[in-house]
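**Q** First the structure, then my questions, so here it is.
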Amino acid sequence: MRQLYSTGVKFFLLFVIIALQSFSIDNRQVSDFKLKDTNGKCVSLKDYGGAKGFIIVFTCNHCPFAKLYPPRLNELDKKYKHLGVPVIAISSTDTINYEEDTYPKMVAKAHNEGFLFPYLYDDAQTVAKNFGAQKTPHAFVVWIENGKYVIKYSGAIDDNGGEPAKVKNHFVAVAVDALLNGREVTVKETRSIGCQILIRK
């Protein structure tokens, strides 16, 4: 009986390991989308004809962690857009619970803080579900491979939200640099820190 129990446990652990490996973000494909930006224009990934990939960041207005990053997102866009890797920000939070995240307030924030990148409104949360976005901010580096949109990195933008000058690990930038130079991303996933994206059922 003990041997059967031990064998059963081993098979269960093997199943868990395989399941976790299959859920890895490495090379997971996501779908294109079409969302309204703060200028009232619909934006999709197909609009970027010369893009090699994208830095896609799920963020919002209300979250204290998200409020720390717009200047850094502007810097990422300035650095990588001309290399074919633009920044796209998406707000997918529940505006019933967070009135600060409504579309008119997104428009005001993008204007007042000088966003250089599009800030898109995912009111139905379909894009957040597609990507598996969990926090604000939650960054994804997506690469175009054979016409498919493939996730190469998921997680935090860097390792110090509160003190930009003390950042030691620029996770997103390092991932993009590797891909632009034809290398594998070594750190493919980190834990995003911020406010939970509450997905409506």
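The values are calculated or read from the model by the stated rules, or taken from the named source; none is laboratory data. Every value quoted in this text rests on a predicted model; they were computed, and no experiment measured them. Here the Cβ is made from the backbone with ideal geometry for all residues, glycine too, and neighbour counts use every protein chain on show.
**Q** Looking at the stretch 7-64 only, could you name the residues that are farther than 20 Å from I157 by Cβ, of a type in the set (A, V, I, L, M, F, W, C), assigned to a loop (DSSP other than H, G, I, E, B) and modelled with pLDDT of 95 or more?
**A** Matches in the stretch 7-64: F33 only.
**Q** So which of I151, I199 is exposed (fewer than 15 other Cβ atoms within 10 Å of the Cβ), of a type in the set (A, V, I, L, M, F, W, C) and in contact with an Asp or Glu (Cβ under 9 Å, 6 or more places away or on another chain)?
**A** I199
**Q** Quick check on T93: is it out of contact with any Pro (no Cβ under 8 Å at 6 or more places or on another chain), over 19 Å from L180 (Cα atoms), crowded, with 16+ Cβ neighbours inside 10 Å and not aliphatic (A, V, I, L, M)?
**A** yes
**Q** List, please: which pairs have Cβ atoms under 6 Å, are six or more places apart or on different chains, and start with a residue in the stretch 164-185 that is buried (at least 16 other Cβ atoms within 10 Å of the Cβ) and end with one that is in a helix (DSSP H, G or I)?
**A** V176/Y80; V185/A175; V185/A178
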